[in-house]
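The values are calculated or read from the model by the stated rules, or taken from the named source; none is laboratory data. All figures in this text were calculated on a predicted structure; none of them were measured in a lab. Positions of Cβ are backbone-derived with ideal geometry, glycine not excepted, and every protein chain shown enters the neighbour counts. The area values use the complete protein model at the heavy-atom level, side chains included, leaving out ligands, DNA and RNA. Shrake-Rupley method; radii C 1.70, N 1.55, O 1.52, S 1.80 Å.
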Amino acid sequence: MEAFFLSLSAVAIAEIGDKTQLLSLVLATRFRKPLPIIAGIFVATILNHALAAEVGILVAKWLTPQVLQWVLGVSFVAGGVWMLIPDKEGEVPGGVSRFGPFVTTAIAFFLAEMGDKTQFATIGLAARFNALFTVAAGTTIGMMLANVPVVVLGDAAAKALPLALVRGVAAAIFFALGLVTILEALGIV
């Protein structure tokens, strides 16, 4: 359960203010059909994060446990630094909406998640816990917890969040994960 809850909370917090959350807002205002948008986000996220978790597990198999701990520790610390950097406004893909809200959302969200902070977090968490289903489920639910309110409540929800504080909390989680993993690599913990 540790892998599930840590994956869920890390991604739910990290997603706040992220470009995919902004994409959710754009899609919600463009289509004004929350259910197909939410379904598209879910399908795209579960596919993207299942693939990312599989990559994490494969990486864990290729590396020795000692090297893996160092790679993960440094990756989590780097992820913490990355969390402190806000996304740029121009990063939200516009996309073509001729396919309707579900297909447009699924495609745009899947592509926007490629190389995103939460995708790298999913890779690292899956490598750390060696739990594809548990991590992918946790990160997907975390993504939904962060994006569904934006789709349903729209602009008001996005403006009410103190993004600097949220980024700081997300960074702290990743710094803590990195520190614990590095201490484990050193044999201190």
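Test of understanding: express the Cα radius of gyration of the chain as a ratio to 2.2 N^0.38 Å, with N the residue count. If you can, show how the numbers build up before the last one.
Numbers: Rg = 16.4 Å, N = 189, 2.2 N^0.38 = 16.1 Å.
Scaled against compact globular proteins, the figure is 1.02.
Of the options GLY40, PHE174, LEU63, report the single residue whose Cα projects farthest towards the positive end of the charge dipole of the chain (beta-carbon charges: Lys, Arg +1; Asp, Glu -1).
GLY40
Need the full-extension length gain, LEU186 to GLN66, defined as separation in residues times 0.36 nm minus the C-alpha distance. One decimal, nm.
That works out to 42.3 nm of additional length.
Under unit Cβ charges (Lys, Arg +1; Asp, Glu -1), what dipole magnitude, rounded to 20 debye, does the chain have relative to its Cα centre?
Using Cβ point charges on Lys, Arg, Asp and Glu, the chain gives about 360 debye.
If you average the sequence gap of Cα pairs under 8 Å that are 6 or more apart and divide by the length of the chain, what percent do you get for the contact order?
The value is 47 percent.
Ignoring ligands, DNA and RNA, what percent of the 1.4 Å accessible area of the chain is carbon and sulfur?
Of all accessible area on the chain, carbon and sulfur atoms account for 74 percent.
With a 1.4 Å probe and every protein chain left in place, tell me how much accessible area THR140 has, in Å² to the nearest 10.
Accessible area, nearest 10 Å²: 0 Å².
Counting only heavy atoms of protein chains, what accessible area per residue, in Å², does the chain have with a probe of 1.4 Å?
48
What is the extension gain from ARG32 to LEU179, computed as 0.36 nm multiplied by their sequence separation minus the C-alpha to C-alpha distance, in nm to one decimal?
48.6 nm
According to a simple spin-label model (label point 7 Å from Cα along Cα-to-Cβ), what is the distance in nm between MET114 and LEU84?
Using points 7 Å along Cα→Cβ, the separation is 3.0 nm.
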